[in-house]
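Comments concern the structure below.
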Amino acid sequence: MKKCICILMMAALLFLQNNEGHAQCSVCTRSTQQMGEKPAKGLNAGIIYLAFAPLVLMGFFGYKWWRKNGSA
């Protein structure tokens with residue numbers, strides 16, 4: 001149990017450490033190039049933030065499912 005929590009914490013820290021995440025589609029990339037450096041970084045941070053919540057939920061429910069069905 002502690003090993004699994006440790007792995008999840010390390011994954012979360014590695015995910016949050018990446019400040020240079022370029023999670024933009026081609027349309028967003030083109031528009032941010034016109035806006036400048038600071039708005040582009042803000043848009044990247046927003047995209048990463050919005051992607052983090054569904055990934056955490058999927059991980060949580062996947063873990064619960066694994067614990068329920070994998071322990072038998």
field: Using θ = phi - 60° and Karplus 6.51 cos²θ - 1.76 cosθ + 1.60, couplings along region 32-38 (whole Hz; Gly, Pro as x)
entry: 6, 5, 7, 7, x, 6, 5
- prompt: When we measure straight from the Cα of Lys68, which lysines land under 16 angstrom away, once same-chain ones fewer than 8 places off are left out?
  reply: none
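Quick note: the coordinates plus some simple rules give every number you see, no bench work behind them. Bear in mind that the values here come from a model prediction, so they are computed numbers and not experimental data.
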